[in-house]
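Everything below concerns the one structure shown next.
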Amino acid sequence: MANLFMIGSATDVMLERLGEKFTIHRASDMDDPQAWLDENGAGVDYVATNGHDGVKPAFMAALPNLKAISCYGVGYDAIDTNAAREKGVVVTHTPNVLNAEVATTAVMLMMVCYRELLRDDAYVRAGRWEKEGNAPLTRSVDGQTVGILGLGRIGQAIADKLAPFDTTVVYHSRSPKDVDYKYYSNLVDMARDVDVLICITPGGPSTNKIVNREVMDALGPQGTLINVSRGSVVDEDALIAALQDGRLGWAGLDVFVEEPKVPEALRKLDNVVLLPHVGSATVETRAAMGALTVDNLLQHLKDGTVISPVPECADM
Ligand code: A2R
């Protein structure tokens, strides 16, 4: 049987299906995964990992005969795809199957910010409704102008989910897409014109801190920032300062720079909604992602091809 090194968690179904064709070596069962790889890495054919853990360079160096890396997640910025390619290792990910779920998370965060769901829930629980009367008014989601940073597969799903709310969708990416929404070549210009900015680009160097102080100031005191992409896309220190100063109105965040650590300053603010990176984390969607993660490995084992390579490995 081929040897599979598994980084991070997997569902029972994934383990069962993989266990039929691979001998699974789980990093989570090892005291020292690096030491295990240094000794046994030459015999490992495949790696299964996720977008958060990726594959560390030191792990890669200990895997000279690796054939493929299957990533459970669409984002793969924690995997050095160029280094993998150079070694002839194909990298796969799980696009499309999570579009609807991540889009739901983005829209949900926007709604929770606008309609102050957490504040109002706390208001009822604390008995304030009875003592103090009606809660303060909130803001309507309907009719807002929403700027999508990264109108790709998930960005489009977000735009689709917002349509019944009569929002105006505009977008920024490096190049314009074949869509009817207004395109902004400049992110600050878009931020100035929208009520809500939703970030859904990949992580990595090209998007590192592109949502900076200038973008936040352009979004302004009545503006809302939603991030369901990667923590690295937003300058977290600038975000904390903008929210503290009231230069930015609200933020809904599913991702952070140093997950699972979330800065204390952010946790103290009441104009933010914080989620523990659960954009795609439902039973249904994780099952679909798990199935594609496994299918990529099984197909490569069978005939050397894969179903969903990352773009950098599409021609391998
Ligand atoms: O820039 P373009 O024209 O390649 O458009 C892509 C955009 N994008 C960027 N926009 C502005 N500045 C950048 N440096 C930049 N880099 C990429 O992000 C495209 O519109 C979008 C990504 O779309 P997809 O490749 O279809 O990715 P998908 O499946 O929507 O997932 C996006 C990310 C994942 O990478 C995870 O980090 C996260 O959502 O879950």
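The values are calculated or read from the model by the stated rules, or taken from the named source; none is laboratory data. Everything quoted here is computed from the prediction, not taken from an experiment. Neighbour counts run over all protein chains shown; Cβ positions are idealised from the backbone, glycine included. With ligands, DNA and RNA removed, areas are computed over all heavy atoms of the protein, side chains included. Shrake-Rupley method; radii C 1.70, N 1.55, O 1.52, S 1.80 Å.
Consider S9 carefully, then state whether it is small (G, A, S), modelled with pLDDT under 95 and open to solvent by 20 Å² or more (accessible area, probe 1.4 Å).
yes
Given the criteria of a type in the set (V, I, T), open to solvent by less than 10 Å² (accessible area, probe 1.4 Å), within 16 Å of the ligand (Cβ to nearest atom) and touching a residue at least 12 places away in the same chain (Cβ under 8 Å), does V74 qualify?
Considered against the rule, which asks whether it is of a type in the set (V, I, T), open to solvent by less than 10 Å² (accessible area, probe 1.4 Å), within 16 Å of the ligand (Cβ to nearest atom) and touching a residue at least 12 places away in the same chain (Cβ under 8 Å), V74 comes out as no.
Specify the residue that is nearest to A106 (Cα to Cα); the eligible residues are those in the stretch 175-205 that are aromatic (F, W, Y) and crowded, with 16+ Cβ neighbours inside 10 Å.
The selected residue is Y181.
Let me confirm something: among V194, V169, V179, which residue is in contact (Cβ under 8 Å) with a residue 40 or more places away in the chain and not acidic (D, E)?
Result of the check over V194, V169, V179: V194.
Name every residue in the stretch 148-199 that is in contact with a strand residue (DSSP E or B) (Cβ under 6 Å, 6 or more places away or on another chain), farther than 14 Å from V228 by Cβ and more than 11 Å from the ligand (Cβ to nearest atom), in order of residue number.
Within the stretch 148-199, T167, T168, V169, V170, Y181, K182, A191, V194, D195 meet the criteria.
Please verify whether G75 is among the small types (G, A, S), farther than 30 Å from Y46 by Cβ and at pLDDT 95 or above, treating the condition exactly as stated.
Details: among the small types (G, A, S): yes; farther than 30 Å from Y46 by Cβ: no; at pLDDT 95 or above: yes.
Here the answer is no, as G75 does not meet what is asked.
Just the residues that are open to solvent by 80 Å² or more (accessible area, probe 1.4 Å), within 16 Å of the ligand (Cβ to nearest atom) and not aliphatic (A, V, I, L, M), please, taken from the stretch 93-145.
N96
Does L109 satisfy the condition of being of a type outside the set (V, I, T) and within 23 Å of the chain's Cα centre (by Cα)?
It is true that L109 is of a type outside the set (V, I, T) and within 23 Å of the chain's Cα centre (by Cα).
Output the residue which, of all residues in the stretch 302-316 that are away from the ligand (no atom under 16 Å from the Cβ) and of a type outside the set (A, V, I, L, M, F, W, C), is most open to solvent (accessible area, probe 1.4 Å).
Filtering first and then ranking leaves K302.
Looking for whichever is in contact with a strand residue (DSSP E or B) (Cβ under 7 Å, 6 or more places away or on another chain), among the small types (G, A, S), open to solvent by less than 20 Å² (accessible area, probe 1.4 Å) and at pLDDT 95 or above here; the options are A68, A62. Which one fits?
Criteria check complete, one pass: A68.
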